[in-house]
Amino acid sequence: MAAAKWDARLAGPVPHDTSYYAKCMLGGVLACGITHAGITPLDVAKCNMQVNPAKYNGLIPSLKLLAKEQGSTGLWKGVGPTFVGYSLQGMFKYGLYEVFKDYYSNVAGEEAATKYKPLIWLAGSASAEVFADIALCPLEMTKVKIQTSANGTFPTAFGAALKQMSATKIETRYPFGSLVPLWSRQIPYTMAKFFFFEKIVQVFYTKVFTAPKESYSKTTQLGVTFASGYLAGVVCAIVSHPADSLVSLLGKAENKGKSVGTIASETGIATLATKGLGTRVIMIGTLTGFQWWIYDSFKSAMGMGTTGGK
């Protein structure tokens, strides 16, 4: 009798069926929606540092100035579209990553999938992010417009802001005007996020915790998850920062109608790569660490095990 064909969906501790992928999507919603909404004040400061560096210079001074000018509510501008947008993004980012990772592994076959595992991670994460950003883009554009508009010039309430974006879609290029720069930011970011996370977890379980992963407590496994996520997040922030600056600058009134290339040329690559980077490293490192921790905590609670390993 011929041996059964190898299937990546059956190679892990639990079968990767429709229920598994659906739970991964829900875990992604929790991981991304909660964390991004929770750091909205940092995001508001970072976006304003990118679009008006002469006025907003440094994280703490920017937070103090925003609070002075707009009150504490000003620090939470855009929290609605942030929560909804990144919940949708997380659903596709994490859920489809698992789908594409299994799909590409099966296309490659067992031997090649094992040998070229890092390429599977990169291809799976990039493919997932393409769809995640389509879901995110309209809400990201709305969030940036709320956060970077002068006080009183644009609605801050979620519903009113969406209505205004739709009403001015010719000039704001809503809903997908920022999709290309968003892809240029998020696809490299997500590839780095998943690749370095998986790689660092692998190092932990081959160099530090050398017994079988399942022999360690959930607390230890989730500690490895958080540390790996944080370190991966630092790399992500550096890789994706120039494109993140462009996404913010697209929402600036003075740049209305300008192409991405024109804005990049006028701003300069050094400014795009460095302005607000320190804030973003802190923000994304913490964000990514907690995202992976929430995601793996959810997976563990569902009996699906934590992500990655030898």
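The values are calculated or read from the model by the stated rules, or taken from the named source; none is laboratory data. Quantities reported herein were computed from a predicted structural model and do not represent experimental measurements. We place every Cβ from the backbone using ideal geometry, glycine too, and count neighbours over all the protein chains shown. The accessibility values were calculated without ligands, DNA or RNA, using every heavy atom of the protein model including side chains. Shrake-Rupley method; radii C 1.70, N 1.55, O 1.52, S 1.80 Å.
Axis angle, to the nearest 10 degrees, between helix 40-51 and the longest C-alpha principal axis of the chain: 60 degrees. Surface composition of segment 62-141: carbon and sulfur atoms hold 70% of the protein heavy-atom accessible area at a 1.4 Å probe. Most fluctuating residue of A264, A31, A128 in a GNM of the chain with Cα springs under 10 Å: which is it? Judging by the Gaussian network model, the answer is A264. Rounded to the nearest 0.05, the FRET efficiency derived from the C-beta distance between T219 and M302 at R0 = 22 Å is 0.80. With viscosity 1.567 mPa s and temperature 4 °C, the Kirkwood radius over alpha carbon pairs of segment 20-78 converts through Stokes-Einstein to a diffusion coefficient of 102 µm²/s.
Ordering Y174, M304, W293 by the projection of their Cα atoms onto the charge dipole of the chain, which places +1 on the Cβ of Lys and Arg and -1 on the Cβ of Asp and Glu, puts Y174 at the extreme positive end. Taking Cα atoms only, the orientation of helix 158-167 departs from the longest principal axis of the chain by about 70 degrees.
Among the listed pairs K193/K213; K64/K93; K143/K256; K46/K193; K117/K218; K23/K77, which have their C-alpha atoms separated by more than 28 angstrom in this model? Listed pairs above 28 Å: K64/K93; K23/K77. What a 1.4 Å probe finds exposed on segment 158-266 is 66% carbon and sulfur by accessible area, rounded to a whole percent.
Dividing the Cα radius of gyration of segment 43-195 by its Kirkwood radius returns 1.09 for Rg/Rh.
When all protein chains stay in place and ligands, DNA and RNA are ignored, the 1.4 Å accessible-area order of H36, H241, largest first, is H36, H241.
Its DSSP H runs of at least 4 residues, each contributing -39,500 (n - 2.57), put the calculated 222 nm mean residue ellipticity of the chain at -24500 deg cm²/dmol, to the nearest 500. Evaluated over the Cα positions of the chain, the convex hull gives a direction-averaged projected area, one quarter of its surface, of 17.4 nm². In this label model, A160 and A211 are separated by 5.9 nm, measuring between points 7 Å along each Cα→Cβ vector.
With a sphere of radius 15 Å drawn around the Cβ of K68, what net charge do the other residues whose Cβ falls strictly inside it have (Lys, Arg +1; Asp, Glu -1)?
Result for the neighbourhood of K68: +2.
In units of the compact-protein estimate 2.2 N^0.38 Å, segment 113-179 shows a Cα radius of gyration of 1.57.
Per residue, how large is the accessible surface of the chain? Use a 1.4 angstrom probe and give square angstrom. Spell out each step's value before the answer.
On the way: 13680 Å² over 310 residues.
Averaged over the residues of the chain, the accessible area is 44 Å².
Convert 20 °C to kelvin, take the viscosity as 1.002 mPa s, use the Kirkwood radius over C-alpha pairs of segment 169-223 as Rh, and evaluate the Stokes-Einstein diffusion coefficient in µm²/s, rounded to a whole number. Roughly 151 µm²/s, to the nearest whole number.
I'd like the orientation of helix 18-38 relative to the chain: the angle between its Cα long axis and the longest Cα principal axis, in ° from 0 to 90, rounded to 10. Helix 18-38 sits roughly 30 degrees off the main axis of the chain. A Stokes-Einstein calculation at 20 °C with viscosity 1.002 mPa s, built on the Kirkwood radius of segment 259-310 over Cα pairs, returns a diffusion coefficient of 154 µm²/s.
Within a Cβ distance under 11 Å of L222, other residues only, what is the Lys/Arg minus Asp/Glu net charge?
+1
The aspartates and glutamates within cross-link reach of K101, meaning a Cα-to-Cα straight distance under 20 Å and a gap of 8 or more places when in the same chain, are D7, D17, E110, E111, E129, D133, E198, D296.
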